[in-house]
Amino acid sequence: TEYPNQTMVSYFCLGGLTYTAEHPTLFFLLLLLIYSITMTGNLLILLTVGSDPHLCSPMYHFLGHLSFLDACLSTVTVPKVMAGLLTLDGRVISFEGCAVQLYCFHFLGSTECFLYTVMAYDRYLAICQPLQYPVTMNRQMCAGLAGITWAIGAVHSAIHTSLTFRLLYCGPHHIAYFFCDIPPVLKLACADTTINEIVILANIGIVGAGCLVLIVISYVFIVAAVLEIRTAKGRQRAFSTCTAHLTVVLLYYMPPVCIYLQPRSSGAGAGAPAVFNTMVTPMLNPFIYTLRNKEVKRALRRLLCQGFLESPP
């Protein structure tokens, strides 16, 4: 009603990554390397977990979901950034494409958040209630928990996407960011975005903080249980199954705190946390889990050796 003569925009132009304009080819090759490592690492984890009968515990079932999420999360953003480094047309994204990218990013990101919480609960059961663990965390329970994380992530993202794109966008077209995310898109709305920003802080804050609190509570019980283990070898083995998960949780939570607690933030450094969250973390996660987990390393060696032996001369 405030803009009766304005029409809705049909496309947006993404700003791209900061500091890449002077050497686009170099940054294109760098992103290509990062994306290739991300996809290779996560696909290897998926193949290893899916094919090795030794990795049949719930922890590896959830690890397979995490690897799939990381591969998809990187695919949602990185190829479009790479296209924008090659041509100016590569930075153009349709209005519908922007909505899809925003939805997919928050769908995958929030699902990953819920999955980390489920993985913490799995570690709690395995260490604090080892006798009940095989019965409680059976195959049906694992599938149900994984399905719930995907379903809640889909609903959570749908809420934010619908709230963001119910507003009128009548220009300008330029998104000062390297992909369609809620804060930079809202800046282009021809309407008051106060309600949206409150929802961002309330919804994402409550969901993120709630999951983090549950993770912390799980690890408080885990640490207490581990300290009661009498042998140093037993304590080390118990801690080793948790350190990888704790590391990726920290890598996951730090960037969103910087982004969504400051929805009006802008400037050269505003996109740095998102770069870490969308490009670096998905690349590092496979290494974190393989380097800290002897069973995964052994299974990965078996997979690679089997593939080498079966390859034609």
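For region 160-186, which residues satisfy the criterion of being surrounded by fewer than 20 Cβ atoms within 10 Å (Cβ to Cβ) and within 21 Å of Ala21 (Cα to Cα)?
Scanning region 160-186 gives His173, His174, Ala176.
For region 47-64, state whether one or more residues are open to solvent by less than 40 Å² (accessible area, probe 1.4 Å) and closer than 29 Å to Pro183 by Cα.
no
Hey, can you tell me all the residues within region 115-140 that are in contact (Cβ under 8 Å) with a residue 12 or more places away in the chain and open to solvent by 30 Å² or more (accessible area, probe 1.4 Å)?
Tyr121, Tyr124, Ile127, Cys128
Would you call Ser157 open to solvent by less than 40 Å² (accessible area, probe 1.4 Å) and among the polar types (S, T, N, Q)? Explain how you work it out, then say what you get.
Numbers: open to solvent by less than 40 Å² (accessible area, probe 1.4 Å): yes; among the polar types (S, T, N, Q): yes.
Considered against the rule, which asks whether it is open to solvent by less than 40 Å² (accessible area, probe 1.4 Å) and among the polar types (S, T, N, Q), Ser157 comes out as yes.
Any idea how many residues of region 142-166 are under 14 Å from Leu69 (Cα atoms) and either outside any helix (DSSP H, G or I) or among the charged types (D, E, K, R) (or both)?
0
Counting just the residues of region 76-94 that are modelled with pLDDT of 90 or more and out of contact with any helix residue (DSSP H, G or I) (no Cβ under 8 Å at 6 or more places or on another chain), which one comes out surrounded by the fewest Cβ atoms within 10 Å (Cβ to Cβ)?
Ser94
Given the conditions (1) at pLDDT 80 or above; (2) among the aliphatic types (A, V, I, L, M); (3) under 30 Å from Ile182 (Cβ atoms); (4) surrounded by fewer than 12 Cβ atoms within 10 Å (Cβ to Cβ), and given that Ala209 satisfies all but one, which numbered condition is not satisfied?
So the condition that Ala209 fails would be (4).
Of all residues in region 212-230, count the ones that are touching a helix residue (DSSP H, G or I) at 6+ places or on another chain (Cβ under 7 Å), under 21 Å from Thr247 (Cβ atoms), open to solvent by less than 80 Å² (accessible area, probe 1.4 Å) and not polar (S, T, N, Q).
Qualifying residue count, region 212-230: 6.
So that you can scan it fast, the table gives a plain yes or no per residue for (1) farther than 15 Å from Cys98 by Cα; (2) free of Cβ contacts under 8 Å to residues at least 60 places away in the same chain:
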residue: Ile175; (1), (2): no, no
residue: Cys180; (1), (2): no, no
residue: Val185; (1), (2): no, no
residue: Asp192; (1), (2): yes, yes
residue: Val199; (1), (2): yes, yes
residue: Gly205; (1), (2): yes, yes
residue: Tyr219; (1), (2): yes, no
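The values are calculated or read from the model by the stated rules, or taken from the named source; none is laboratory data. Note that the structure is a prediction, hence the values are computed from the model and not measured. With ideal geometry, Cβ positions are generated from the backbone for all residues, glycine too; neighbour counts draw on all protein chains shown. Ligands, DNA and RNA are excluded from the accessible area calculation, which covers all protein heavy atoms including side chains. Shrake-Rupley method; radii C 1.70, N 1.55, O 1.52, S 1.80 Å.
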